[in-house]
Amino acid sequence: MLTFLELDAEFNVLSSSRHELDGYAYVHDFAFTANHYIVYNNPVDLDLLPLATGDKAPGQVSLCTQPTWRYKHLGCSPLL
């Protein structure tokens, strides 16, 4: 689940929208326009057992699940 909040200068919420994403959302880069949110959802999954047992470091438990690009259109409502 990904939630976007649009705020005014005093941090009052002007709009809010929630979007379902497939799989684990490892979101670290994004952009936005007046009408769209642009989010790259990396095709990764996590194997947390080796991390929990101390056998692997955090960077070693990421697994590529789909070695292809995938996208989902996340439209937003323009503010009036």
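The set of residues in the range 1-40 that are under 30 Å from SER62 (Cα atoms), of a type in the set (Val, Ile, Thr) and modelled with pLDDT of 85 or more contains only THR3.
Screening THR65 with (1) modelled with pLDDT of 70 or more; (2) surrounded by 11 or more Cβ atoms within 10 Å (Cβ to Cβ); (3) among the polar types (S, T, N, Q) gives one miss only, at (1).
The values are calculated or read from the model by the stated rules, or taken from the named source; none is laboratory data. Note that the coordinates shown come from a computational prediction; the quantities given were computed from them, not determined experimentally. A quick note on method: Cβ atoms are made from the backbone with ideal geometry, for glycine too, and the neighbour counts reach across all protein chains shown.
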